[in-house]
Each structure stands twice: as structure tokens, then as C-alpha cells.
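The values are calculated or read from the model by the stated rules, or taken from the named source; none is laboratory data. Quick caveat, the model's predicted, so the values are computed rather than measured. All Cβ positions, even for glycine, are placed from backbone atoms using ideal geometry, and neighbour counts span all protein chains on display. Heavy atoms of the whole protein, side chains included, go into the accessibility calculation; ligands, DNA and RNA do not. Shrake-Rupley method; radii C 1.70, N 1.55, O 1.52, S 1.80 Å.
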Amino acid sequence: MKTNLWGMGLEELTVWVRNNNWPSFRAKQICDYLYKRHIISFDEMKQLPQIMRTWLEENACVEKPVIVNQISADDGKTTKILLKLKDGSLVETVCMHHEYGNSVCISTQVGCAMGCIFCASTQKGLFRNLSSEEMLAQLFAFSEVFNMPIHSIVLMGAGEPLQNYNHVIRFLHMANDKNLLNISYRNITVSTCGIVPQIYKLADEGLPITLAISLHAPNDVIRNELLPISRNYKIEDVIRAARYYFTKTKRRVTFEYILIQGKNTDKENAEELCRLVGKLPCHFNLIPVNGTEHIHLYPPDIKEIRSFQKILMDHGKETTVRKQMGDEIQAACGQLKRRFLENSKSVFR
Ligand code: SF4
């Protein structure tokens, strides 16, 4: 069976090259071809001797997901792609082109088991975890398409990253590897809907990444309605885990709070939220829900959003309201995939 070189870092490639009786320095050349020059055909790796190129053709391959759909919107400020994986599964990835650089939001699973009521990705449940190589390919799809450096990464697409823990940690190391993408850990955000034991585990990894916790409610009653997984973890335990994360990493935690009209946006909700987090250094990211034809939830009006934000800020909480970049390209997770499947009548998952 051929060895797939895609996703191997320099260390791994060096071991593989040496074990196959080639000089170690050839690994660095292959690494540069794959990740810096985006060349995946062995025949085009002209720095390698012909004999090695022929041997590679017979013994190795570079298998990467392929882009099957691509949409750009917001005057080119947002781009979304749909990638087809080897087994036919589809994953979505979004790139937001900010003034400070490109930020890529990647998926970590095909589907999702968490069941958040505002999310399209979970409607058919979880199909499988993505490998770290498949996550890496999502980033490279963008650096190849736009030929632009990636400034930051958020693991906030389809899937619950902390349920795919080992692959996610390996992926973070790959993204940070100076021979691959060289992205600072400080520019990486991992989002979770609050898998408490895994938050402690992540804190103990000692990586200076940002943790974003989908809180979405000030108490268990509302949270259980919005995020079924929260029935397993009390909201106080989530906050305790967030405190531990801050103590270990000195990184301020971000709380994601989706604003849904009639559910979690009144004055009492905001006050209760402030009492819940207390003095924990944190940032609130308020996200007006992105209703779709399949998800009948609506954002509050701008007045209500501002008054919710003001209460948090009056309590000293740093708060931003997320601009809904990508609305016109169906950026809520799972929607590009849904549209593609509806149109293609294909066998894709
Ligand atoms: S919001 Fe995230 S965790 Fe919740 S169902 Fe969607 S993909 Fe899963």
C-alpha cells in the first residue's frame, strides 16, 4: 500500500525517508514542495533525483480533499468552500478576509452529535471525526486558492473539536509547525460547547491558544433547551473549568452567546450572566442568531441587542457583537453543504 505523505511534518517525513534508505535532507525538500510550493506531483519535484521520483511514484502518494464548491460574498471579504474527502464526505470551511489578515474557520467533524437547536450541522447527527490531515487540508485549500498567508484559525465550523481531541491536538501542532504553516498558537481559537473534562485536559496541554466556550444562556434551564449536551455538564461546572483554563494558560476565555429573540436576551438574562461569570477575565462575543429556512429562530432587534450589550459592559465585561459576515453565502455552519446536496442529488454525505 502506498504511504500518503500529506500531513506529515518534517520530523515524520525525515523518519520515513531515512527508513526507506534515502538521505535525510530529501525530507526537507519534499516538505517544501508540499507545503510551501503546493506541488504534489512527484514528477514536478525536480530537486529530487529521477530515481527517487520514480520510487516515490511507486511507493507514496499525496491524497488531499478536493474543492467541489466555492462561494464568495461581502464584496470578496468572505469565501466559503466545500471539500470532498476520500470517503465522499463533505466538509465546509470559511475564510474571512479581515484587514489584519485571513482568518479561516475549519470543521473538525463530519456532522455533529451535539444537537444545538440553532445549528444546521447537527441535523443528521455525527458521521465521523476528521483526521488532523483533513483539517490541515482545509487550511491549505485556502492558502492555495488565494495564495495569501493565513493569519488566524478558529475551530468553530461543523463538529465539536473537543470530542475529536487527539486529532485536534495533532492538528494544532501541525498548524504551528514552522515547516508547515507557522501559525502562532496565540492566533488559534478552539471553540467548545462546554465538554468539561476536555477543557481541563486542554488547559493541561499548556498551549497558549484561546478557548471559546459556547455559553448561550445564563442558567441551566435555558441552556438545556438550546444545547442538549449541556444536560451532562452544569453551567457552574463549565464556568469552573473556564476559570481553571485561565489560571493555567493566562489566556482570557471568550464566551460565545447567541442572541435568540424571546429566549435569552432580556435584562434579567444579562444580569444573571454577569453574576454567573463573576470576576473571571473574559470576553463576550454576542452573536445574533442566523435564522434559515430550516431553523426558525430569529435575532432580537438592534435596540434589544444594544441594551443587552450595555448591561454586560456596565458590569465591566468586554463585549463585542459579531458582524454577520457571510450571511449571503449561507455561512451558518452546514448550509452550503445542505444546498450542495439538494442540488446535486449525489451520494455525498
Ligand atoms: S454549534 Fe457546533 S457544537 Fe453545536 S451542533 Fe453545531 S457544530 Fe455542533
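One table, with the values for the structure above:
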quantity: Which listed residue, of Gly88, Gly101, Gly115, is within 11 Å of the ligand (Cβ to nearest atom), at positive phi and small (Gly, Ala, Ser); calculated: Gly115
quantity: Residue selected from the stretch 97-139 under the condition open to solvent by less than 40 Å² (accessible area, probe 1.4 Å) and modelled with pLDDT under 90, by the criterion nearest to Leu83 (Cα to Cα); calculated: Ser121
quantity: Test result for Glu144, over 22 Å from Ile295 (Cα atoms), crowded, with 19+ Cβ neighbours inside 10 Å and acidic (Asp, Glu); calculated: no
quantity: Test: residue in the stretch 196-215 that is touching a strand residue (DSSP E or B) at 6+ places or on another chain (Cβ under 8 Å), more than 16 Å from the ligand (Cβ to nearest atom) and among the β-branched types (Val, Ile, Thr); calculated: yes
quantity: Output for the stretch 33-53, where each listed residue is in a helix (DSSP H, G or I) and either free of Cβ contacts under 8 Å to residues at least 12 places away in the same chain or hydrophobic (A, V, I, L, M, F, W, C) (or both); calculated: Leu34, Phe42, Glu44, Gln50, Ile51, Met52, Arg53
quantity: Scan of the stretch 227-239 for residues that are over 14 Å from Ala113 (Cα atoms), open to solvent by less than 10 Å² (accessible area, probe 1.4 Å) and either at pLDDT below 95 or within 15 Å of the ligand (Cβ to nearest atom) (or both), ordered by number; calculated: Val238
quantity: Residue among Lys46, Lys64 that alone is under 29 Å from the mean Cα position of the chain (by Cα), open to solvent by 10 Å² or more (accessible area, probe 1.4 Å) and of a type in the set (Lys, Arg); calculated: Lys64
quantity: In the stretch 148-158, the residues that are more than 10 Å from the ligand (Cβ to nearest atom), touching a helix residue (DSSP H, G or I) at 6+ places or on another chain (Cβ under 9 Å) and open to solvent by 10 Å² or more (accessible area, probe 1.4 Å); calculated: Met148, Pro149, Ile150, His151, Ser152
quantity: Within the stretch 177-195, considering residues that are in contact (Cβ under 8 Å) with a residue 40 or more places away in the chain and within 16 Å of the ligand (Cβ to nearest atom), the one nearest to Gly9 (Cα to Cα); calculated: Thr189
quantity: Residue within the stretch 159-176 that is among the hydrophobic types (A, V, I, L, M, F, W, C) and within 16 Å of the ligand (Cβ to nearest atom) present; calculated: yes
